[in-house]
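First comes the structure, then the notes that go with it.
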Amino acid sequence: MRKINIGLIGFGTVGSSVVKILKEKKDLLQRRLGAELVIKRIVDKDISTPRGIKIPPGILTRRIDDVLNDPGIDMVIELIGDSSVAERVILGAIKRGKPVVTANKALLAKKGREIFKEAEKKGVGVCFEASVGGGIPVIKALREGLAANRISSIFGIINGTANYILSGMSHYGSSFKEALKDARAKGYAERDPSLDVEGIDSAHKLTILSTLAFGGFVDLKDIHTEGITQITSQDIQYAKEFGYTVKLLAIAKESEGSLEVRVHPTMIPQEHLLSAVDGAYNAVYVKGDLIGRSMFYGRGAGGFPAASAVIADIMDLVKSEGQFLSLDFGKRPLKIKDMGEIKTRYYIRFTTVDRPGVLASISGILARHKISIASVIQKERREKGKVPIIMMSHEAKESSVQKALREIDRLKVVRAKSMLIRVETEL
């Protein structure tokens with residue numbers, strides 16, 4: 001039976017889970033693959049901390065070159081957090097003709113163009129299922145299962161930390177800080193959660209999804225990115241009153257020859273499937289011309305879900321004999337729509353003094369900028385003389401809304417910066 005020697009670089013949560021699965025499910029994988037998967041080398045800075053797995057002598061090393069320069073290693077699995085080191089590993093493996101499995105979404109978002117160009121040149125496969133959605137096989141679905149479809153839109157809840165926080169704020173009325181503290185206690189948030197709560201991690205993943213779905217490389221700088229740190233429990237409550245749920249959405253939509261790519265808090269109808277995606281779960285909702293609407297859902301984080309995706313990639317590379325599988329992605333020129341040109345509905349919360357004529361002043365400015373109001377909630381609740389005014393607009397142009405809000409925020413009767421959340425009703 002054919003033996004596939006694997007070099008694993010990165011022995012943290014996901015890496016150790018990969019090794020456990022390969023050991024515990026050795027016979028099953030062997031039957032399904034017709035080949036034996038063998039971990040020949042494991043590289044990590046820390047080779048002394050126990051991982052709960054018995055590793056034979058001579059396999060653990062701190063030197064990356066022990067994998068890259070070993071002609072007996074057939075495949076490299078890169079599971080490092082550091083993008084600069086990961087880039088060296090991936091390009092080094094490709095140049096030596098070794099196929100690669102990676103989960104590094106940040107690196108692929110920033111350097112994917114260079115990596116896949118080199119892989120195509122060398123005819124070497126690079127697989128990355130675990131880079132988006134943990135164990136959800138959405139990459140394979142876009143590359144293969146939906147290959148005959150023209151994708152028109154993708155809406156994704158693709159950061160478990162942010163979704164866990166927003167779910168806590170919705171269910172328990174927690175503040176952002178309280179929900180973040182709970183997420184840390186449960187192991188869903190890092191000590192520095194910036195990548196997750198500022199939308200950056202979701203933007204990395206959207207770069208990958210939109211490149212696959214729309215056939216051309218999407219640059220990270222083209223993705224408008226906002227996080228959830230300014231969302232309050234009051235905003236979530238008002239959203240419920242309007243019939244919406246607040247989610248951090250990654251959105252890619254193609255229309256009229258251009259592509260919208262954006263990550264931001266979004267209100268979606270409570271009856272929509274994505275509204276029910278709770279806690280640390282992820283989901284990707286895709287619309288194609290043949291399949292219609294389809295949703296991929298599951299655990300978006302954790303060692304075993306991500307390791308499941310890594311092993312699926314290993315098996316694909318073995319079956320393809322490590323060859324480059326381009327499926328033409330990254331070849332199509334894409335026109336990215338400027339954020340100011342998008343049109344959607346808006347939830348806007350103003351904080352004003354309690355005085356006659358305030359609502360008329362705000363409405364007048366909105367009208368001058370051609371922003372039509374669908375509904376208004378004006379609460380009697382006062383805090384130190386301040387009252388919230390909540391408006392839901394009809395569809396309006398982003399640039400017009402931003403200009404209007406800048407003008408409104410300069411009014412003497414306005415006591416805080418206006419809060420804006422975009423609304424998606426046609427998912």
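Of note:
- Peptides ranked, highest mean first, by Cβ atoms within 10 Å: ranges 241-249, 204-212, 133-141: 204-212, 133-141, 241-249
- Computed from backbone phi with θ = phi - 60° and the Karplus coefficients 6.51, -1.76 and 1.60, the 3J(HN,Hα) list for the range 307-324 is 5, 4, 5, 4, 5, 4, 5, 4, 5, 4, 5, 5, 5, 8, 6, x, 7, 6 Hz; x is used for glycine and proline.
- Taking Cβ atoms as reference points and 13 Å as the exclusive limit, the residues near Ala307 contribute a net charge of +2, counting Lys and Arg as +1 and Asp and Glu as -1.
- Share of pairwise Cα-Cα distances greater than 40 Å in the chain is 25 percent (whole percent).
- The relative contact order of the range 138-300 comes to 34 percent, based on Cα pairs under 8 Å that sit 6 or more residues apart.
- Reported value for the range 257-389: 206 Å³ per residue, from the convex hull of its C-alpha atoms.
- Whole-number percent relative contact order across the range 125-214, with pairs defined as alpha carbons under 8 Å at least 6 apart: 34
- Mean projected area in nm² (Cα convex hull; one quarter of hull surface) for the range 240-332: 8.8
- J(HN,Hα) series, the range 338-349, from Karplus relation 6.51 cos²θ - 1.76 cosθ + 1.60, nearest Hz, glycine and proline x: 4, 4, x, 8, 5, 10, 7, 8, 9, 9, 10, 10
- Taking amide H positions as modeled 1.01 Å from N, with prolines and chain starts lacking one, the residues under 5 Å from Val101 and 5 or more places away or on another chain are Val76, Ile77, Glu78, Cys127.
- The chain: angle of helix 358-368 to the longest principal axis, Cα-based, in degrees nearest 10: 70
- Based on DSSP H segments of at least four residues, each scored -39500 (n - 2.57), the chain has a per-residue ellipticity at 222 nm of -10500 deg cm²/dmol.
- Placing a pseudo-label 7 Å from each Cα along the Cα-to-Cβ vector at Lys177 and Phe242 gives an inter-label distance of 2.7 nm.
- Based on C-alpha pairs under 8 angstrom that are at least 6 apart in sequence, the chain has a relative contact order of 16 percent.
- Cα long-axis angle, helix 176-185 against the chain (0 to 90 degrees, to the nearest 10): 20
- Mean Cβ neighbour count within 10 Å, used as a protection proxy, ranking 304-316, 170-182, 214-226 highest first: 304-316, 214-226, 170-182
- Helix 398-409 and the longest principal axis of the C-alpha atoms of the chain enclose an angle of approximately 50°.
- Cross-link check: pairs Lys26/Lys121; Lys26/Lys221; Lys117/Lys221; Lys3/Lys45 evaluated at a Cα-Cα cut-off of 31 Å; pairs beyond the cut-off: Lys26/Lys121; Lys26/Lys221.
Just so you know, all these numbers are worked out from the coordinates, no wet-lab data involved. Note that the coordinates shown come from a computational prediction; the quantities given were computed from them, not determined experimentally. Heads up, the Cβs are rebuilt from the backbone with ideal geometry, glycines too, and the neighbour counts pull from every protein chain shown.
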